[in-house]
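Asker: Handing you this structure, nothing more for now.
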Amino acid sequence: MGEIEDAIERADREAFTKDPPKTLKGQIGYLLKQMGSAKAVAAELGVTADSVNRYRRGARKHARADVAAKIDNAVRQRWQPMVRKRRQKQAAASGGITVETRARFGYTSSAGSTDDGRFRRLTVHLPATYAQRLFDARDTGASDQQMREIIAEGFKEVYFQDGGGRAMGLSDVEINNIDYLDLDY
């Protein structure tokens, strides 16, 4: 996963109204309910169906660290999908999305102005149209770079050009060297 996709996943987790199962047995039980069979869960996790059944019965109390991380990730991806969808739908319809980042921003501008990239720490609320484009891009399997371009375009319009009030000669904004990026919606 890329930086943008990770940020969307973190924002989704913040929407949980109830914590996902924490025990190995509880997590496996949840995955079995969601996926229907031990074979399907095993294929997802990269273990055998026998191992999944041992986890379910409690015969194995602990999974290897790499398998435990896969189990936790699989549970979190499937946990409360309606809550996630409702929050994303609201952000895409009217609420918009807030992007907080520290990154190097470079841009192409008219002659006579400085266009050297520099690190900036920005917190910018982007309109709902950018949230919709970002979710659509993620859902269609867009690359991290393509999602960065959507956010950069939003920063150009909202922050650098102030909705059309300044810096009209600015043509392209690039986000590079992301130190951190966090989303909220």
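Asker: Evaluate the following for residue 73: is it in a helix (DSSP H, G or I), free of Cβ contacts under 8 Å to residues at least 24 places away in the same chain, open to solvent by 30 Å² or more (accessible area, probe 1.4 Å) and closer than 28 Å to residue 178 by Cα?
Answerer: Against the criterion (in a helix (DSSP H, G or I), free of Cβ contacts under 8 Å to residues at least 24 places away in the same chain, open to solvent by 30 Å² or more (accessible area, probe 1.4 Å) and closer than 28 Å to residue 178 by Cα), residue 73 qualifies.
Asker: Within segment 126-140, can one find any residue that is touching a strand residue (DSSP E or B) at 6+ places or on another chain (Cβ under 9 Å), part of a strand (DSSP E or B), surrounded by 15 or more Cβ atoms within 10 Å (Cβ to Cβ) and at pLDDT 90 or above?
Answerer: yes
Asker: Then there is this: Could you please let me know if residue 93 is modelled with pLDDT of 90 or more, under 20 Å from residue 6 (Cβ atoms) and small (Gly, Ala, Ser)?
Answerer: No; evaluated as a whole, the condition is false for this residue.
Asker: While we're here: Quick one: how many residues across segment 76-109 are part of a strand (DSSP E or B) and open to solvent by less than 20 Å² (accessible area, probe 1.4 Å)?
Answerer: Taking segment 76-109 as the starting set, the residues that turn out to be part of a strand (DSSP E or B) are 97-108.
Checking the rest, the ones that are also open to solvent by less than 20 Å² (accessible area, probe 1.4 Å) come to 97, 99, 101, 103, 105-106.
Adding up the residues that qualify gives 6.
The values are calculated or read from the model by the stated rules, or taken from the named source; none is laboratory data. What you are looking at is a predicted structure, and each value in this text was computed from that prediction instead of being measured. A quick note on method: Cβ atoms are made from the backbone with ideal geometry, for glycine too, and the neighbour counts reach across all protein chains shown. Accessible surface is based on the protein model in full, side chains and every heavy atom, while ligands, DNA and RNA are left aside. Shrake-Rupley method; radii C 1.70, N 1.55, O 1.52, S 1.80 Å.
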